[in-house]
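The values are calculated or read from the model by the stated rules, or taken from the named source; none is laboratory data. Note that the structure is a prediction, hence the values are computed from the model and not measured. Methodologically, a virtual Cβ is constructed for each residue, glycine included, from the backbone with ideal geometry; neighbour enumeration extends over all protein chains shown. Quick note on the areas: whole protein, heavy atoms, side chains included, nothing else; ligands and nucleic acids left out. Shrake-Rupley method; radii C 1.70, N 1.55, O 1.52, S 1.80 Å.
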Amino acid sequence: LRFCFDIFDEDKSGTIDAIEYLQLCKTINNSAPMFPGNFLNVLSAFDADNDGLISFDEFIALNDRYPLLLFPAFRLQYRLQKMTLSERKWARINEQITAAKHLKA
């Protein structure tokens with residue numbers, strides 16, 4: 001989830017603004033969201049602090065509520081991982097990253 005968030009946080013501000021969010025939706029929906037207004041409604045619904053931006057915590061809430069929204073991105077990630085280093089190798093890489101994060105904390 002963090003990887004997906006970071007990809008669409010193009011300006012690396014730590015938040016996703018309306019333009020970045022619309023780009024995320026276009027990317028996931030083959031460059032043509034069927035109802036762009038609905039995407040903006042979702043954006044405002046999950047903007048808990050009403051700052052016009054989606055923080056990572058708000059992005060998690062959005063994914064929890066609408067897990068199928070990001071499904072195409074996760075499916076692509078899964079396929080890429082499976083075709084490159086294998087699922088087992090990627091699982092080990094993920095474990096190493098998680099362990100390294102725990103050491104920093």
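Counting only protein heavy atoms and a 1.4 Å probe, tell me what percentage of the chain's accessible area is made up of carbon and sulfur. Write down the numbers at each step before the final one.
Values: 4450 of 7530 Å².
Roughly 59 percent, rounded to a whole number.
Please give the peptides 3-14, 49-60 ranked by average Cβ packing (other Cβ atoms within 10 Å per residue), highest first, as a rough proxy for protection.
Numbers: 3-14: 13.7, 49-60: 15.4.
Averaged packing, sorted descending, gives the order 49-60, 3-14.
Using a 1.4 angstrom probe on the protein heavy atoms only, line up Y78, Y21 by accessible area, largest first. Spell out each step's value before the answer.
Values: Y78 105, Y21 5 Å².
So, going from the largest accessible area down, we get Y78, Y21.
Under the rule of at least 5 residues apart or a separate chain, name every residue whose amide H is placed under 5 Å from the amide H of S55.
Hits under the 5 Å cutoff: I16.
Magnitude of the Cβ-charge dipole of the chain, K/R +1 and D/E -1, about the Cα centre, nearest 20 debye? Could you put the intermediate results ahead of the total?
On the way: 12 positive and 14 negative charges, 181 e Å.
Charge dipole, the chain, about its Cα centre: 880 debye, nearest 20.
Given a 1.4 angstrom probe, what's the average accessible area per residue across the chain, in square angstrom? Walk me through the numbers before you get to the answer.
Values: 7530 Å² over 105 residues.
For the chain, the solvent-accessible area averages 72 Å² per residue.
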